[in-house]
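These notes are about the structure you will find just below.
What follows draws every value from the coordinates through simple rules; no lab data is involved. Keep in mind that this is a model prediction, so the values were computed, not measured. Here the Cβ positions follow ideal geometry from the backbone for every residue, glycine too, while neighbour counts run over all protein chains shown.
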Amino acid sequence: MLVLGVEKFRPSAIRETVADALRRTLLEGRFQPGESLSEVAIASEFHISRGPVREAMFILAAEGLLNHTQNRGFSVLNFTAQDLTKIEQVRIPLESLALLGARGNVTPQELARLRTLRDNLSKSFEDGDHYGRWLCEIEFHSAIWELSGNSWLVASLKRIMIPSYMYGTAFRMNRPDLSGKLLHQLHSLYIEFLEGSSSHTAEECVRLHIGLPITAV
């Protein structure tokens with residue numbers, strides 16, 4: 001049974017509206033890991049043709065949020081806690097590099113923007129707005145990655161982290177002690193490093209941010 005709730009679409013942006021609605025539904029955990037998605041059912045729910053639905057699904061597949069298999073269509077990632085652990089192993093060196101690169105390029109205006117995003121994502125968590133928090137999370141980290149000035153690094157981090165943020169939340173893999181206050185503290189680690197007020201290295205900031213000890217065990 002299709003579980004999407006649909007509002008009016010802007011005629012000029014049907015594809016983007018469908019993609020956004022699908023992201024929200026994925027984030028809410030309404031689909032099961034590995035579940036196949038029916039283009040026909042979604043098109044019927046939205047009262048539109050299959051074309052824009054298929055285009056929207058390709059957008060999500062390009063973001064790493066859906067699997068696409070020739071002749072079998074689209075499905076939800078079969079994302080597991082083991083996948084999350086493997087992503088963290090890759091994330092630590094990559095995001096450490098991004099922090100180091102960003103520190104030399106960050107401006108007071110960009111630091112102010114990061115503080116606003118940090119505050120907004122903490123509030124979104126407290127308000128139970130999972131989608132709002134996800135958007136702030138992506139925007140916060142993407143801003144830092146972009147400041148590194150390394151487009152290959154940015155592309156690599158987006159490819160692994162966008163699905164990680166999405167499915168870590170959707171499949172309830174977040175740390176059990178997570179709170180708005182803790183999110184504020186964890187994101188402040190990055191801001192303090194960028195502004196030069198942190199006693200931690202870039203790698204230590206990343207490890208602390210994702211809840212790992214600052215020395216490898």
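For a Förster distance of 30 Å, can you work out the FRET efficiency between the beta-carbons of K123 and A13, rounded to the nearest 0.05?
Numbers: r = 27 Å, r/R0 = 0.91.
It comes to 0.65.
Can you figure out the FRET efficiency of E35 with R115, using R₀ = 41 Å and their beta-carbon distance, to the nearest 0.05? Intermediate results must be reported in sequence, preceding the final value.
On the way: r = 38 Å, r/R0 = 0.94.
With R0 = 41 Å, the Cβ-Cβ based efficiency is 0.60.
Under a point spin-label approximation (7 Å from Cα along Cα-to-Cβ), what is the L178-H47 distance to one decimal in nm?
Calculated label separation equals 3.5 nm.
Have a look at S199, S38, S122 and tell me which one the Gaussian network model of the chain (Cα, springs below 10 Å) gives the largest fluctuation.
Of the options given, S199 has the highest mean-square fluctuation.
Counting other Cβ atoms within 10 Å, keep those with at most 15, restrict to DSSP loop, and tell me which trypsin sites (Lys or Arg not before Pro) in the stretch 111-217 are left.
Of the trypsin sites (Lys or Arg not before Pro), the ones in loops of the stretch 111-217 whose Cβ has at most 15 other Cβ atoms within 10 Å are R172.
Which one is right for this structure if Rg and Dmax of the Cα atoms in Å is calculated from it: (1) 25.8, 91; (2) 18.3, 56; (3) 17.2, 50?
Recomputing Rg and Dmax of the Cα atoms in Å here gives the entry labelled (2).
What distance in nm lies between label points placed 7 Å from Cα along the C-beta direction at T80 and H68?
The modelled label-to-label distance comes out at 2.6 nm.
Determine the relative contact order of the chain: mean sequence separation of Cα pairs under 8 Å and six or more apart, normalised by residue count, in whole percent.
Once divided by the residue count of the chain, the mean separation gives 23 percent.
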